[in-house]
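Undergrad: One structure is given below, represented as structure tokens, and several questions about it will come after.
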Amino acid sequence: MGIMEVKIREGVEKDYRAILSLVKELATFERSPDKVTNSVECMKEEKQYFQSIVAESTNGEIVGMAVYFFAYYTWVGKSLYVDDIYVKKSCRGKKIGTKLLKEVFKVAKKENCKRVRWQVLNWNKSAIDFYKKCGATIDDGWLNCDFDEKDIQEFDI
């Protein structure tokens, strides 16, 4: 396996198609391929709400990505939330995820964030092991409360 030569850089608009493709791969891996409703056009319209870091191979292929945004948590203050971090299956085990995560933390330090947070599925043992090895605290006490677009429109209590 070893290390794979990749360039870690900020994602830009021309990368959105590749990023969305990786998002769809991730959704399939997470057993929810039908949940992805985003599009390149939507990403372009809403680009002020997220930022990305990509891992680009020597042949120009985007083989990994981290998508994040800044959030404010009342208990700690400004934070960086990693929505997705993903490396193509064929490129795993080559330290690309580590490189992406290191770059995320560089951003968090530069932006004076008080917390970096992301989620991991409870059955994704390899990711959990990787995050624990990195020093992450994994909280099993909090549950997600989500409303999708349709639910938002129909919300009425």
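Undergrad: Along the Cα→Cβ direction, 7 angstrom out, place labels at Lys7 and Lys114. What is the inter-label distance in nm?
TA: 3.8 nm
Undergrad: Let me ask you something else. Out of segment 79-151, which chymotrypsin sites (Phe, Trp or Tyr not before Pro) are coil in DSSP terms and have no more than 15 other C-beta atoms within 10 Å?
TA: Trp123, Trp142, Phe147
Undergrad: Sticking with this one: At what distance in angstrom do the alpha carbon centres of segment 1-47 and segment 83-109 lie from each other?
TA: 13 Å
Undergrad: Next question, about the same structure. Using the 10 angstrom Cβ neighbour count as an exposure proxy, how do Met43, Met65 rank, fewest first?
TA: Ranked by crowding around the Cβ, least crowded first: Met43, Met65.
Undergrad: Another question, then. Note down the magnitude of the dipole of the chain about its Cα centre, charges +1 on Lys and Arg C-beta and -1 on Asp and Glu C-beta and zero elsewhere, to the nearest 20 debye.
TA: With Lys and Arg at +1 and Asp and Glu at -1, about 1140 debye.
Undergrad: Can you list the aspartates and glutamates whose alpha carbon is less than 16 Å from that of Lys102, not counting same-chain residues fewer than 8 positions off?
TA: Excluding near neighbours in sequence, the set is Glu5, Glu10, Glu56, Asp83, Asp84, Glu111.
Undergrad: Another question, if that's okay. For segment 6-119, what is the convex hull volume of its Cα atoms per residue in Å³?
TA: Once divided by residue count, the hull of segment 6-119 is 111 Å³.
Undergrad: Related question: Of Glu61, Glu30, Glu46, which has the largest mean-square fluctuation in a 10 Å C-alpha GNM of the chain?
TA: Evaluated over the chain, the most mobile residue of the options is Glu46.
Undergrad: How much net charge surrounds Ser79 when only other residues with a Cβ under 9 Å from its Cβ are counted (Lys, Arg +1; Asp, Glu -1)?
TA: In short, +4.
Undergrad: Would you count, across segment 1-75, every pair of lysines whose alpha carbons are under 21 angstrom apart, provided the pair is eight or more residues apart or spans two chains?
TA: Count of close lysine pairs: 8.
Undergrad: Ignoring everything except DSSP H segments at least 4 long, calculate the 222 nm mean residue ellipticity for the chain; use -39,500 (n - 2.57) per segment, divide by total residues, nearest 500.
TA: -9500 deg cm²/dmol
Laboratory data are not the source of any read-out in this text; all were calculated from the coordinates shown. From a predicted model like this one, the values you see are computed outputs, not experimental measurements. Note that we place each Cβ from the backbone using ideal geometry, even for glycine, and neighbour counts take in every protein chain shown.
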